[in-house]
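What follows is a short report on a single structure.
Quick note: the coordinates plus some simple rules give every number you see, no bench work behind them. Predicted model only: the values in this text are computed from it and were never measured. Heads up, the Cβs are rebuilt from the backbone with ideal geometry, glycines too, and the neighbour counts pull from every protein chain shown.
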Amino acid sequence: MNDDSVRKERIADDLEEPVNEASNLAKRLGLTPYPVNYWVIDYDEMNELIAYGGFQQRYPHWRWGMQYDRQRKQGQFLGGKAFEIVNNNDPSHAFLQESNTLADQKAVITHVEAHADFFANNEWFGLFSDTAPPRAAGNEDDSRGPDAAGMLARHADTVREYMQDPNIDRSDVERFIDHVLCLEDNIDQNQPYSPVETARDRLEEIDGVDVSDQLNELELSEEVKRQVFDDEWLEAQADEEGGATFPAQPEKDVLGFIRKHGMAYDEDAEKAVEMEDWQQEVLELLRREAYYFAPQKMTKVMNEGWAAYWESLLMTGEGFAGDNEFVLYSDHMAQVLGSPGLNPYKLGLEIWEYIENTENRREILERLLRVDGLSWRTFHDVVDFTEVQALLEPPDWLTDVAGHLDALDPEDRRVDTESLEAARDGELAVENYPWKLLTYEGLAQRHYSLVKPQYRGFVSRVGQAELERVSRYMFDDARYDSVEAALSDVEYTRGWDRMREIRESHNDVTFLDEFLTQEFVDSNDYFTYEYTHASGNYRVTSTDHEDVKKKLMLQFTNFGKPTVVVQDGNYENRNELLLAHQYNGIMLDRNQAREVLKRVFELWGRPVNLLTIVKEFDDHDIEVAKRRDSEPEPEEVGKRLRYDGKEVTVEDVPWSEVEHLAATDIDYNTIPEEWLA
């Protein structure tokens, strides 16, 4: 065993206890993560894994080298530091960089346990239906999550075999992958992955006879079959589309549509030909990977905020960061949360804390509004919030379990009876892990959010509108004769319970839409800013939560990318592809759109069109606006870009052709219909 292996093994041994105890505490807190395998790796290995998206094997392609180089330079010149990487797999695999301090390693471990819980329980990750066999043989209920590592390794082997095939030019494979990757986000992320089958794949039976079997009986060469009896011909026999124009409704899964109907362009013959088998397989496996990675892109804010929340609770609330590690951990956490730009860790953490606080506040309000002589109208005049705060404070024994070991009541539902007995017999080191003496209910009260110093005014800041709303929808009419009696019935677990419910069903768009309220915006100082033609600079334009919400959600809808759908696969009855940009007030980058059309042409084999809407400003209006310190009104016009294999042309189109693309109000509903039933 070399020195490097010995060093990694020693680090792994030192981390064995934190790994086990973090997992145990996570479960005690109500989390149900995938099992996690931890690996200790060096600096270069970490950069390689980050470049590979968290996996050890990916298909050969230049993009990984580019990402590795970027990651390495970021660490060398920009001061960036990689703490961890974890993947959505069952079991999950987490990688710890050996150069990190013990405090950082503990932070990573607690962070990873929360990520693994999110992977295992969020429904959007469940949409990717590729699952491994049950954990226990013969037990169909003991299902497993995705075997993504195995899937990506198989894909890597497949692509590598094609690149090594003497009959296939490696550069052709790489170039084809480039074409597909420019569309990797153009899938229907609201639907589960399912393989695309072409007419040839399905071996359609026409008039009771299998056409493909008949072709096989003719003993024709594969070349003749491809040239004469191609997919287009087979689909025509099946009359699958039922008309010259298809699809019947705009198709979001552009990659799937191209997989089903696309062709390759033969430059020598100057015509479209059927894709080679390797092209069809590579396209489908890349499409499958796009569906696998989609939930991670759709839940970045939720997932990172969730992990940051539980990491903070374990490291500071339960002392996983030792006395000599606390300052270092706090400094690193502050750097993560203080990163500039749209920071998913900070935004996600703030929203999760706001959800916890509002749910806990609602519980308090529902109790207090049942006190005799107290109503929503008199709430602020009657309630003594200092008294409320004192009554919500956890008892001394709960904040200092180790110091009150003899006083703990084994019958109290907040106390873990088994652990208490072990501690009193000297079999449990309470000083190191006091949480082991507490149940979920005990931990919830121990870490109750509304008694934390930064949130002590949260109940008193409640508005009259919310008080009236809570009062109107209270179903329990039991009354209390005092504030003390009311608060003695508080369910301290309510905030955490609600957080887990939200973690199951939401993605970033719905998360922001529901919980980014005016109160949240005001408390956390969020605002919008826009480029103004009048000043030639950016200015703060609004602190209204609806404006902030719209601005943020535009960055997460469809992964923050333009939403482009297939409008017609037989445009003007010429087998041309017509794509449509669902305009939401933000214009396409015209230069990027041109390059994408060239890529799509290679996958369609015939001319490709793109409908979009652009804003045009009159120079005179801009000058007038500058003098008046106002903004000019743009004119929205329709454009159609077309690439025929030689040049990109742009022409104006009547408004009637693009009117259906102009959003009067942006639809942020990204929840599948069956979830809304």
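Rounded, prolate or oblate for the stretch 344-524? Axes are the square roots of the Cα gyration tensor eigenvalues, ordered a ≥ b ≥ c, and the cut-off for rounded is a/c under 1.5.
Working: a/c = 2.24, a/b = 1.39, b/c = 1.62.
Taking the square roots of the gyration eigenvalues as a ≥ b ≥ c, the stretch 344-524 is oblate.
The Cα center of the stretch 162-196 and the Cα center of the stretch 1-71 differ in position by 28 Å.
With each run of n ≥ 4 DSSP H residues scored as -39500 (n - 2.57), what mean residue ellipticity at 222 nm is computed for the chain after dividing by its residue count and rounding to the nearest 500 deg cm²/dmol? Don't skip to the end; give the middle numbers.
Details: 30 runs with 321 residues, N = 677.
The helix-only estimate for the chain comes to -14000 deg cm²/dmol at 222 nm.
Toward the positive end of the charge dipole of the stretch 562-675, with +1 on the Cβ of Lys and Arg and -1 on the Cβ of Asp and Glu, the farthest Cα among 601, 585, 569 is that of 601. Partner lysines whose Cα lies under 26 Å from the Cα of residue 252, excluding those fewer than 8 positions away in the same chain, are identified as 260, 297, 300, 549, 550, 551, 561, 598, 615, 639.
Overall, the stretch 351-455 carries a charge dipole of about 540 debye about its Cα centre when +1 sits on the Cβ of Lys and Arg and -1 on the Cβ of Asp and Glu, all other atoms neutral.
About the Cα centre, and with charges only on the beta carbon of Lys, Arg (+1) and Asp, Glu (-1), how big is the dipole of the stretch 344-524? Nearest 20 debye, please.
On the way: 21 positive and 40 negative charges, 127 e Å.
Dipole about the Cα centre, nearest 20: 620 debye.
Dipole orientation for the chain: of the candidates 2, 552, 66, 552 has the Cα lying most toward the positive pole (charges on Cβ; Lys, Arg +1; Asp, Glu -1). Under a 5 Å amide H cut-off, with hydrogens placed 1.01 Å from N, residue 34 pairs with 117, 120 among residues at least 5 apart or on other chains. Here the Karplus relation 6.51 cos²θ - 1.76 cosθ + 1.60, evaluated at θ = phi - 60°, turns the backbone of the stretch 375-387 into coupling constants of 9, 5, 6, 9, 3, 6, 7, 9, 6, 8, 6, 5, 5 Hz, with x for every Gly and Pro.
Residues with beta-carbon under 12 Å from that of residue 170, excluding residue 170: net charge, scoring Lys, Arg +1 and Asp, Glu -1? Present the calculation step by step, with values, prior to reporting the outcome.
Working: positive: 160, 175; negative: 161, 165, 169, 172, 174.
Summing Lys/Arg as +1 and Asp/Glu as -1 gives -3.
Cα centroids of the stretch 304-325 and the stretch 471-528: 23 Å apart.
Quick one, what does Rg over Rh come out to for the stretch 533-602 if you take C-alpha atoms and the Kirkwood Rh?
On the way: Rg = 16.8 Å, Rh = 15.0 Å.
Here Rg/Rh amounts to 1.12.
With a ≥ b ≥ c the root eigenvalues of the C-alpha gyration tensor of the stretch 562-675, is it rounded (a/c under 1.5), prolate (a/b larger than b/c) or oblate? Numbers along the way, then the final one.
Numbers: a/c = 2.39, a/b = 1.41, b/c = 1.70.
Taking the square roots of the gyration eigenvalues as a ≥ b ≥ c, the stretch 562-675 is oblate.
Dipole of the stretch 407-513 (Lys/Arg Cβ +1, Asp/Glu Cβ -1, origin at the Cα centre): which of 423, 449, 493 lies farthest to the positive side? Positive-end residue among those listed: 449.
Net charge near residue 598: determine it from the other residues with C-beta under 15 Å of the C-beta of residue 598, scoring Lys and Arg +1 and Asp and Glu -1.
Values: positive: 175, 590, 594, 599, 606, 642, 646; negative: 178, 267, 576, 589, 595, 602, 644, 647.
That sum, taken over residues with Cβ under 15 Å, equals -1.
Assign unit charges at the C-beta atoms only (+1 for Lys and Arg, -1 for Asp and Glu), then state the dipole size of the chain relative to its Cα centre in Debye, rounded to the nearest 20. If you can, show how the numbers build up before the last one.
Values: 70 positive and 142 negative charges, 405 e Å.
Dipole magnitude for the chain comes out near 1940 debye.
Using C-alpha pairs below 8 Å separated by at least 6 residues, the relative contact order for the stretch 562-675 is 24 percent.
In sequence order, the stretch 392-397 has phi-based couplings of 7, 4, x, x, 4, 5 Hz under the Karplus curve 6.51 cos²θ - 1.76 cosθ + 1.60, θ = phi - 60°, and Gly or Pro positions carry x. Only one item in (1) 25.8, 84; (2) 42.5, 176; (3) 29.6, 92 matches Rg and Dmax of the Cα atoms in Å derived from the coordinates shown, and that item is (3).
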